[in-house]
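What follows draws every value from the coordinates through simple rules; no lab data is involved. What you are looking at is a predicted structure, and each value in this text was computed from that prediction instead of being measured. Please note: Cβ atoms are built from the backbone with ideal geometry, for glycine as well, and neighbour counts cover all protein chains shown.
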Amino acid sequence: MLTFKQGVAALALGAVMVPATACASSAGAAPAAATEMQAPAPISKADVLAAQKLWSDGIVTIGAAFKAGGDYRKAAEDHIATLYAYNQGGVLFKPTLAAQDQFRETKDEALSYFVGGSISEDKGFAIRPWTNVRWGEQEILTQGDTAYAMGNYYFTPDGSTDETKVEFTFVYIRDPEGQLRISVHHSSVPYTP
């Protein structure tokens, strides 16, 4: 028996479970061929670590495309389309270097943050460029089809070995195909008294 939360999540993912008894006719005939879809697999810590690697690789790829004079905008669009849940109900995105327009509710606003564009304060975080993104100390909590990660990640700019430390909180969900998507992304620089 699904809990209310599991049922809502299953409906959101398109995984509707139909009990065989619900397909029986009022005359008591045998049920029609009932199709029962499996609920998505629970998210594991390994799934989260793999998603974090994809995110890091994406940021480095965007910067490398920019530096090489390639289509860095397309690389950023692919990064957002592959990793964020804008098509699964939206994303709560608070980027590290956003000050005037602190939150990015749409794909276009996320794209602006990563490569510049529709928001005037955006200079293109991903086109700095960065040559490495390392995930450091963190805690990962998994609860069925949702996972939460909080900790620090470190960005190495092109031409330097000095890392920039950033604090993060990410929440992951599965899309209908079972891929992890970021539904919450909050980043900030550490507090300096």
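So if we plug the beta-carbon distance of Lys123 and Asn152 into 1/(1 + (r/R0)^6) with R0 = 25 Å, what FRET efficiency do we get, rounded to 0.05? Could you put the intermediate results ahead of the total?
Working: r = 23 Å, r/R0 = 0.91.
Efficiency computed from Cβ-Cβ geometry: 0.65.
For Lys123, list the lysines whose Cα falls under 26 Å from its own Cα; do not include residues on the same chain fewer than 8 positions away.
By straight Cα distance, Lys123 reaches Lys53, Lys67, Lys74, Lys94, Lys107, Lys165.
Considering only the other residues whose Cβ falls under 13 Å of the Cβ of Gln102, what net charge follows from Lys and Arg at +1 and Asp and Glu at -1? Please report the intermediate quantities before stating the final value.
Details: positive: Lys94, Arg104; negative: Asp101, Glu105, Glu109, Glu121, Asp122.
Once positives and negatives cancel, what remains is -3.
Under a Cβ-Cβ cut-off of 13 Å, what is the net charge of the residues other than Val133 that fall near it, where Lys and Arg count +1 and Asp and Glu count -1? Write down the numbers at each step before the final one.
On the way: positive: Lys53, Arg128, Arg134, Lys165; negative: Asp57, Asp158, Glu163.
Its environment carries a net charge of +1.
By what distance, in whole Å, do the Cα atoms of the stretch 64-150 stretch along each of the three principal axes, largest value first?
42, 26, 24
Sum up the charges of everything whose Cβ sits under 15 Å from the Cβ of Gly178, counting Lys and Arg as +1 and Asp and Glu as -1, but leave Gly178 out.
-2
Of all GluC sites (Glu not before Pro) in the stretch 42-149, which ones are in loop regions per DSSP and have a Cβ with at most 16 other Cβ atoms within 10 Å?
Numbers: sites: Glu77, Glu105, Glu109, Glu121, Glu137, Glu139; in loops: Glu105, Glu121.
Qualifying residues, ordered by number: Glu105, Glu121.
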